[in-house]
1. Counting only DSSP beta bridges with both residues in the chain, what percent are antiparallel, rounded to the nearest 5?
2. Work out how much length H116 to A103 would gain on full extension: take 0.36 nm times their residue separation and subtract the Cα-Cα distance, in nm to one decimal.
3. Using amide H atoms built in the peptide plane, which far-off residues or other-chain residues are under 5 Å from A75 H to H?
4. Would you pull out the residues with amide H under 5 Å of D147's amide H, same chain only if 5 or more places away, H placed 1.01 Å from N?
5. Taking R0 as 22 Å, what's the FRET efficiency between T30 and E61 from their Cβ-Cβ distance, rounded to 0.05?
6. Would you compute, from DSSP H runs of 4+ residues alone, the mean residue ellipticity of the chain at 222 nm, taking -39500 (n - 2.57) per run and dividing by the full residue count, rounded to the nearest 500?
7. So for the chain, averaging the separation of alpha carbon pairs under 8 Å that are six or more residues apart and normalising by length, what relative contact order in percent results?
8. Convex hull over the alpha-carbon atoms of segment 25-170: what's its volume per residue in Å³?
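Since every read-out is calculated from the coordinates, none of them should be taken as a lab result. All values derive from a computational prediction rather than experimental measurement. Cβ sites come from the backbone with ideal geometry, for glycine too, and all protein chains shown count toward neighbours.
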Amino acid sequence: MTAAGAGSAGEWERLFPAAARPAPALLTLTAAQADAIRSAAAAAYPHEGCGLLAGVEEEEEEGVAGRVTRVVAAANVAPRAHDRFEIDPRAHLDLMKALRGTAERLLGHWHSHPDHPPTPSATDLAQAWEPGLVWIICAVTAAGPGDLAAWRLTGEGDERRFEPVVLRIDG
Ligand SMILES: [Zn+2]
């Protein structure tokens with residue numbers, strides 16, 4: 001999501017303090033949640049679809065793992081929605097209200113890549129500055145949704161890049 005979603009990095013930190021932590025290296029989705037993302041990606045085609053992911057973090061032998069508890073649909077408010085996404089800021093605020101007082105936090109977000117593989121684009125890297133969030137990308141074509149892949153930001157300055165997050169689909 002872009003800075004337009006939350007105003008500024010400072011504002012983001014105020015609204016989403018947990019986002020300052022590194023994103024989990026593993027992420028678990030239910031099959032129904034994965035299907036919800038794929039269906040929304042297909043519905044948005046040929047535009048990019050997008051939404052938010054809430055969940056909890058659990059310590060595992062392999063490290064911190066995120067488990068998604070909610071997949072939230074959000075309007076893509078980017079002016080160039082065919083190859084950009086910008087999550088409706090109202091969806092952020094509604095989700096944060098819903099998460100208040102729960103053990104869940106904002107774990108990340110998802111968007112689709114119409115007619116492109118589910119790997120982060122140069123644009124994605126340019127607009128990514130929140131290291132605490134997992135990015136799920138869903139490939140989609142006119143024939144329907146394709147693969148899901150998960151990513152997190154790592155490195156700083158010239159070394160800034162996305163690295164894969166292990167995505168597990170359960171139940
Ligand atoms: Zn992208």
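1. 65 percent
2. Here the segment from H116 to A103 would lengthen by 1.2 nm.
3. The answer is D88.
4. Close amide H contacts, sequence-distant or interchain: A139.
5. 0.55
6. -6000 deg cm²/dmol
7. Contact order relative to length: 28 percent.
8. Cα convex hull per residue, to the nearest whole number: 107 Å³.
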